[in-house]
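The values are calculated or read from the model by the stated rules, or taken from the named source; none is laboratory data. Source: prediction; values computed, not measured. Using ideal geometry, Cβ is built from the backbone for each residue, glycine included, and neighbour counts are taken over all protein chains shown.
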Amino acid sequence: MNRYVIETKQITKTYNPRSPFIALDHVDLHVSEGCIYGLIGDNGAGKSTLLKLLAGHIFPTNGELCLFGETEEKALCERRVYVFKLVLFLYSFLSLKC
């Protein structure tokens, strides 16, 4: 059985309740122990928002966040989660071919 170190269930994050902006919309994520993942997406796709949620800088509007098997808000705050963000600047003459 896989042990998930990060697990999200239907995580939603909205800003500005009067005129809601949905930064994350019902995101499910499962990261197994010992695995390395990368987040790739357009600007505004929610990558930084997800990392801020995992680091405890912000809290989800709805959904459940589980880190190392802990779901209680107090336990999540006590856990030390370090989030490293690598920003790559690619020059216009470089391209990715699949």
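Restricting attention to segment 10-52, the residues being part of a strand (DSSP E or B) and either touching a Gly at 6+ places or on another chain (Cβ under 6 Å) or of a type in the set (Ser, Thr, Tyr) (or both) number 8.
For segment 1-39, the candidate set comprises residues that are modelled with pLDDT under 90 and under 12 Å from the mean Cα position of the chain (by Cα); within that set, the residue that is surrounded by the most Cβ atoms within 10 Å (Cβ to Cβ) is Ile6.
One residue stands out among those in segment 40-52 that are of a type in the set (A, V, I, L, M) and touching a residue at least 12 places away in the same chain (Cβ under 8 Å): the one that is surrounded by the fewest Cβ atoms within 10 Å (Cβ to Cβ), which is Leu51. When restricted to residues that are free of Cβ contacts under 8 Å to residues at least 24 places away in the same chain and part of a helix (DSSP H, G or I), segment 53-73 contains 1.
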